[in-house]
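Let me begin by presenting the structure, written as C-alpha cells, before commenting on it.
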Amino acid sequence: MKKAEFLPSLYTHNAIIDAQHQELINTINKLYEAIDSGKGTDEAKNALAFLMQYTVFHFGGEEKLMQEDKYPLFTEHKAAHDAFVETVKGLYQKLMEEGATEDFADQVEQEITNWLIVHIKGMDLKMIEWKNHRSGNQMDNLM
Ligand SMILES: [Fe+2]
Ligand SMILES: [Fe+2]
C-alpha cells in the first residue's frame, strides 16, 4: 500500500504548521487505506472531502501569517495554494466518476502527496525561515 511519511526533512519547527502538516499526511494515509480497503468509494470520498476542507483551513492560516508579516513571496505562495485546491477538486470529481481505482491512487500520490512534500520543503520552509529571521531582526531592534 502507498504511504505518506512525515519525515524530519519536512519539519518547519513552527509547532502549529508542523501539527497541521502532520494532520494532512495522516489524512492522505486514511485516503490510501480507504482506496485499498476495496469497500467502495464512500470512505475514500469522506477522506478526500476532509482533506480538501483541512487543506483550505491550513492554507488560510499560512496566508494570514504571510499577510501579517507582509511576506514578499505571498502572491506566488497563494497562487500555489489555489492551484492545489483546484487539483484536489478535480480529483474529487474523478473519484465520483470513476471510483477508487488504482489509477486514482497513482494520481493521488503524484498530485497530492508529492506536491505536498515539494511544497512544504520549498515554499513553506522558506516562509517560516523568513518569518523567524524577521522576528530575530525585530528583537535586535529592541535591544
Ligand atoms: Fe503548509
Ligand atoms: Fe504553503
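The numbers here are math on the coordinates, done by the rules we state, and not lab data. As the structure is a computational prediction, the values presented were derived from the model and not from experiment.
In this model, which of 30/126; 89/131; 3/121; 70/126; 3/64; 64/89 are farther than 25 Å apart at the alpha-carbon? From the list (30/126; 89/131; 3/121; 70/126; 3/64; 64/89), the Cα-Cα distance tops 25 Å for 30/126; 89/131; 3/64. Of the two radii for the chain, the radius of gyration is 1.05 times the Kirkwood radius, both from the alpha carbons; that is the Rg over Rh value. Using a Gaussian network model on the chain with a 10 Å cutoff between Cα atoms, which of 81, 119, 13 fluctuates the most? Greatest mean-square fluctuation among the candidates belongs to 13.
If the viscosity is 0.890 mPa s and the temperature 25 °C, what Stokes-Einstein diffusion coefficient in µm²/s follows for region 1-52 when Rh is the Kirkwood radius over Cα pairs? Estimated diffusion coefficient is 209 µm²/s. Over the C-alpha atoms of region 61-125, the Rg to Rh ratio, Rh being the Kirkwood estimate, stands at 1.09.
Highest mobility in the GNM of the chain, judged by mean-square fluctuation with C-alpha springs under 10 Å and restricted to 125, 73, 116, is found for 73.
Using Cα springs under 10 Å in a Gaussian network model of the chain, which residue among 86, 129, 68 shows the largest mean-square fluctuation? Of 86, 129, 68, the most mobile in the Gaussian network model is 68.
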